[in-house]
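Undergrad: Submitted below is the structure of interest, expressed as structure tokens.
The values are calculated or read from the model by the stated rules, or taken from the named source; none is laboratory data. Note that this is a predicted model, so its numbers are computed, not measured. Here the Cβ positions follow ideal geometry from the backbone for every residue, glycine too, while neighbour counts run over all protein chains shown. These accessible areas exclude ligands, DNA and RNA; they are computed on the full protein's heavy atoms, side chains included. Shrake-Rupley method; radii C 1.70, N 1.55, O 1.52, S 1.80 Å.
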Amino acid sequence: MKIITDISVLREHLRREQRIAFVPTMGNLHAGHLALIDQANQLSDCIVVSIFVNRLQFQPHEDFERYPRTFKEDCRALSAQNVKIVFAPNEKILFPTPQEFLLALPPVADILEGEFRPGFFRGVATIVLKLFNIIQPDLAVFGKKDYQQLHIVRRMVRQLNLPIEIIASETIRAPDGLALSSRNQYLNEAQRAKACGLYQSLLQIKQEISSGCKDFQKLQQNAVDNLQQHSWKVDYISIHKRSTLLFAQASDQDLVVLGAAWLDNTRLIDNLEI
Ligand code: PAF
């Protein structure tokens, strides 16, 4: 496994590769990331993993500074996988001058996460497009844990005619159902014990819809009330159509319920397809 920080060195290494699979990350790797790499492994024998904490997708008051950076441990974990290249540029390499060209995104980027983290998807899409241009992969793997991100990347690839296949990887969960995330590290023991409550609320909605309930407003409100009673601060619990991510109508079939909520200072997100 090679660790490369420089764009021209990276391009030189990738020049003769037949089929490149790319897994973008912000590091602090956990079993969820390793599942993305497993998925990439099944499709290519040249896997590139990027590690870059992207300032563009954090608001000034968000956790950019305290975001866990564990480069050594990440490289150790990756070297046990079949990863060919770790691309770990610093900010000077990716932003030698301030990033003035930013993508303009459709309204789907302003709902759910976009409503509570304005500019987040613009930052994500811009960095993903830069990384795609640098690496020029044949395929890229994204986790369903970040469902809206996956949706937006897919749409970007389609509308900008990028010759890249986007592969979705299932969310990996702890035994109690909590979706694995780097931000879970912020939770203390008591918060960790409560953290699967978000998943359980989504699961409850999934079960009620599966048994025929169509009153989405009521299901959403009940979940919010229930979480609030357990001292969560809820940003949203919302049922959407999978294919468009528009708010779901009672007649829609392919649904996904998405949620974001705070346990004290830690914000967790999750979703379940229905
Ligand atoms: O999902 C993430 O970790 C990030 O949003 C990504 C795709 C690596 C872009 O910074």
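Undergrad: Need one number: nm distance between label points at D63 and Q42, each 7 Å from Cα along Cα→Cβ, rounded to one decimal.
TA: According to this spin-label approximation, the distance is 3.0 nm.
Undergrad: Assuming 1.002 mPa s and 20 °C, estimate D for the range 61-172 with Stokes-Einstein, Rh taken as the Kirkwood radius over Cα pairs, in µm²/s.
TA: Estimated via Stokes-Einstein, D reaches 135 µm²/s.
Undergrad: Let me ask something else about it. Whenever you get a sec, line up R15, R267 from highest to lowest accessible area (probe 1.4 Å, protein heavy atoms).
TA: Largest to smallest exposure gives the sequence R15, R267.
Undergrad: OK, next. What distance in nm separates the simple spin-label points at A193 and S231, each placed 7 Å from Cα in the Cβ direction?
TA: 1.1 nm
Undergrad: Considering only the chain, what is the antiparallel percent among its DSSP beta bridges, to the nearest 5?
TA: 50 percent
Undergrad: Right, here's the next one. If you filter the range 145-227 for chymotrypsin sites (Phe, Trp or Tyr not before Pro), then keep DSSP loop positions with at most 12 other Cβ within 10 Å, what is left?
TA: none
Undergrad: Using a Cα-Cα cut-off of under 12 Å, which aspartates and glutamates could be cross-linked to K84, ignoring same-chain neighbours fewer than 8 residues away?
TA: E17, D45
Undergrad: Now, a different point. Just to confirm, what accessible area per residue do you get for the range 50-205 at 1.4 Å probe, in whole Å²?
TA: 49 Å²
Undergrad: Give the distance, in whole Å, between the Cα centre of the range 1-44 and the Cα centre of the range 68-104.
TA: Taking the Cα centre of each part, the range 1-44 and the range 68-104 sit 10 Å apart.
Undergrad: Taking Cα atoms, how many degrees apart are the long axis of helix 147-159 and the longest axis of the chain, rounded to 10 and kept between 0 and 90?
TA: The answer is roughly 50 degrees.
Undergrad: With respect to the cross-link table entries K145/K218; K130/K206; K72/K194; K72/K144; K130/K194; K92/K241, which display a Cα-Cα separation exceeding 28 Å?
TA: Numbers: K145/K218 24 Å; K130/K206 37 Å; K72/K194 30 Å; K72/K144 26 Å; K130/K194 38 Å; K92/K241 40 Å.
With Cα atoms farther than 28 Å apart: K130/K206; K72/K194; K130/K194; K92/K241.
Undergrad: Moving on. Run the accessible area of the chain with a 1.4 Å probe and give the carbon-and-sulfur part as a rounded percent.
TA: 50 percent
Undergrad: Work from the charge dipole of the range 126-184 (Cβ charges, +1 for Lys and Arg, -1 for Asp and Glu, about the Cα centre) and give the residue of P137, I172, Q149 farthest towards its positive end.
TA: It is Q149, whose Cα lies furthest towards the positive end.
Undergrad: Under the Karplus relation 6.51 cos²θ - 1.76 cosθ + 1.60, θ = phi - 60°, what is the ordered set of whole-Hz ³J(HN,Hα) values for the range 216-221, x standing for Gly and Pro?
TA: After applying 6.51 cos²θ - 1.76 cosθ + 1.60, I find 4, 4, 5, 4, 4, 5 Hz.
Undergrad: Can you find, among G123, V108, N161, the residue farthest towards the positive end of the dipole of the chain? Put +1 on the C-beta of Lys and Arg, -1 on that of Asp and Glu.
TA: N161
Undergrad: In addition: How big is the charge dipole of the chain about its Cα centre, in debye rounded to the nearest 20, if each Lys and Arg gets +1 on its Cβ and each Asp and Glu gets -1 on its Cβ?
TA: 460 debye
Undergrad: For H230, H151, write out the residues from largest to smallest accessible area, computed with a 1.4 angstrom probe and no ligands counted. If you can, show how the numbers build up before the last one.
TA: Working: H230 100, H151 20 Å².
Greatest to least solvent exposure: H230, H151.
Undergrad: While we're on this one: Taking R0 as 30 Å, what FRET efficiency do you get between E12 and A104 from their Cβ-Cβ distance, rounded to the nearest 0.05?
TA: For R0 = 30 Å, the calculated efficiency reads 0.35.
Undergrad: Taking the dipole about the Cα centre of the chain, with the C-beta of Lys and Arg at +1 and of Asp and Glu at -1, give me whichever of W262, Q228, N184 is farthest to the positive side.
TA: N184
Undergrad: Ok, one more. Take the chain, mark every one of the GluC sites (Glu not before Pro) that falls in a DSSP loop and has at most 14 other Cβ within 10 Å, then report the longest stretch left between them, sites excluded.
TA: Numbers: sites that count: E62, E65, E100, E170.
Here the longest segment lacking exposed loop sites spans 171-274.
Undergrad: Under the rule of at least 5 residues apart or a separate chain, name every residue whose amide H is placed under 5 Å from the amide H of F22.
TA: The list, which skips near neighbours in sequence, is V48, L139, A140, V141.
Undergrad: Also, quick follow-up: For S169, S211, give the ranking by accessible area with the largest first, probe 1.4 Å.
TA: S211, S169
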